[in-house]
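To keep things clear, I will list the structure first and then write my remarks on it.
The values are calculated or read from the model by the stated rules, or taken from the named source; none is laboratory data. Since we're looking at a predicted model, the values are computed, not measured. For neighbour counting, all protein chains shown are included, and Cβ atoms are generated from backbone atoms with ideal geometry for every residue, glycine included. Protein only, heavy atoms only, side chains kept; ligands, DNA and RNA dropped before computing areas. Shrake-Rupley method; radii C 1.70, N 1.55, O 1.52, S 1.80 Å.
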Amino acid sequence: MYTEIFDDVISITHNDYFGHLDKKGWDEPEKYRTWIKRMEDEDVLDAGTFQEIVEDYLLDFKDRHMYFRLKDNEKHNIYHNGFSTRRFDDKLHVTEVTDEDRLETGDALLSLDDVPISVLVEKHARELFETVAERENWKPIIQRYTSCEVEARDGTIKMLELKQFAQQDRKPRFKVDKLNDDVLFMSLPSFGDVKAVEMLLEQYEGELDTAEKLIIDVRENSGGSDLAFRNLLPYLFPEGENSISLEDSIQEFNCTRRNVELTAKVFGQFLENINDETIKKNLNKYVEDMKKNVGQGFKILEDETPTINIQGKAFPKKVVALSDVHCASASEALIEFCKESPKATVMGRATAGVNDYSNLVIEEWEDLFELWYSTSRMAGVNKRTAGEAVSVIHPEIYIPWTSKHTCEDMDLKKALEFLEE
């Protein structure tokens, strides 16, 4: 079973994945296929190990928008360490605790299995993928280890055996607060549920219409649908008509038969929760245009340069958008709109930059595995410089991440200071 599934994965990465020509020759599929087949013949390969091997293979493509995952169902449970970290200097600082009650935010991991973090940075350079500490993702790496040395907030040192906790379906927590008489704070941790975001904006329409200043927090927003924030856009732009060219966001599509079928499936599920007839019409046209171009290679489906017209509002008068490396996909699109507006300022750190290759679809096997991969590419992807993704969006005011962020929201503090100027 595993060898056959991996062969199908190779077929996708070499034919259906949009980056297959850009990255031709980057991967070593035969090395991994031999590894998988040997373990399968020896009956020592399980689902979890197979998932790890395929994920390692996908690292060759250097694409954070492609994943091979185990589905969390009766066949297999997903586990995690119960906390999150971020590196500053040679320590992994605990930024969030969900299940691991032996740790607190502000604690720091000094080593994993007695190996110092400074050494692990070099050892796992391929998986970390980044050259800047604040952009590294240590979560999957920590899961490979069994113990850690922890420096508590009070300076004491202790050793902990790492535990595994069953993954829980935690719903994103939207938050709207009036920080003072002038400033409204809105935390939008996800754009995955279009209706939930639209209901939130409707609920706080009065506050948005009267707020002098607005802070939008999408630092932990890993994406979803651009449609989720469409009703927020008028508040980001000055009063009157604002015409925004989307020339830099034009997409080319890889119109293979598999991609058309999986796109139709994704859209079908998405449209079940959409009542807007214009949106339905546009998405259905998108699928029909892909069908017309099956087998025709890479195609730009727009007939002309797309633009969006936004009727801006008088309030709020000033907007700050907080961004970070976890800000990805649809939330990056929102940050890009903010940078187009003269009354909005982006603060924090650069976004994930995953939209070079986008419009993800999902292929599934045995109700156990799923591969998420992109079917389109930003037309300007070849303009990248110094190896950085074109879609990385840098803030207008950069705030370096330091260990102080674990004790105080330094970004919010800087945003309030900026708005008071």
*Among the listed pairs LYS171/LYS195; LYS24/LYS299; LYS71/LYS91; LYS171/LYS317; LYS317/LYS339, those beyond 24 Å (Cα-Cα)*: LYS71/LYS91; LYS171/LYS317
*asked:* Using just the Cα positions, wrap the stretch 225-315 in a convex hull and report its mean projected area in square nanometres, one decimal place.
replied: 6.7
*Given 10 Å bins starting at zero, what is the percent of C-alpha pairs of the chain in each, up to the one with the largest pair distance?*
4, 19, 29, 28, 16, 4, 0
*Averaged over every viewing direction, what's the projected area of the C-alpha convex hull for the stretch 179-221? Give it in nm², one decimal, please.*
3.0
_Just to be sure I understand the curve: with the Debye formula and one point per C-alpha of the stretch 34-121, what is log10 I(q)/I(0) at q = 0.12 Å⁻¹?_
-0.58
*Percent of alpha carbon pairs in the stretch 101-167 separated by more than 15 Å?*
56
_Cα-based Kirkwood hydrodynamic radius, the stretch 13-68, one decimal, Å_ = 12.2
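For GLU28 and ASN180 in one chain, what is 0.36 nm times their gap in residues minus the Cα-Cα distance, to one decimal in nm?
Working it through step by step, the gained length comes to 49.1 nm.
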_Two decimals, Cα atoms only, Kirkwood Rh: what is Rg/Rh over the stretch 162-294?_
1.04
*Fully extended, how many nm does the chain gain between GLU241 and GLU134 (0.36 nm per residue separation, minus their Cα-Cα distance)?*
34.7 nm
_Ignoring ligands, DNA and RNA, please state the percent of accessible area on the chain from carbon and sulfur, probe 1.4 Å._
46
*Just the projected area, averaged over all directions, of the convex hull on the alpha carbon atoms of the stretch 227-381: how many nm²?*
10.6
_Ratio of the Cα radius of gyration of the stretch 59-179 to 2.2 N^0.38 Å, where N counts its residues_ = 1.16
*asked:* Given Cα positions, please report Rg to Rh for the stretch 41-91, the hydrodynamic radius being the Kirkwood one.
replied: 1.06
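Rounded to the nearest 20 debye, what is the charge dipole size of the stretch 90-217 about its Cα centre when +1 sits on each Lys and Arg Cβ and -1 on each Asp and Glu Cβ? It would help to have the intermediate numbers written out before the result.
Numbers: 17 positive and 30 negative charges, 96 e Å.
For this selection, approximately 460 debye.
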*Setting aside same-chain residues fewer than 8 positions from LYS281, which lysines have a Cα under 17 Å from its Cα?*
LYS265, LYS291, LYS292
*the stretch 74-143 and the stretch 201-262: distance between their alpha carbon centers, rounded to Å*: 32
_Residue-normalised accessible area of the chain, expressed per residue, 1.4 Å probe, Å²_ = 50
*Based on the alpha-carbon gyration tensor of the stretch 155-196 and its eigenvalue square roots a ≥ b ≥ c, which shape applies: rounded if a/c is under 1.5, prolate if not and a/b is larger than b/c, or oblate?*
oblate
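Can you compute the FRET efficiency between TRP35 and ASP289 using 1/(1 + (r/R0)^6), with r the Cβ-Cβ distance and R0 = 45 Å? Round to the nearest 0.05.
Computed FRET efficiency for TRP35 and ASP289 comes out at 0.65.
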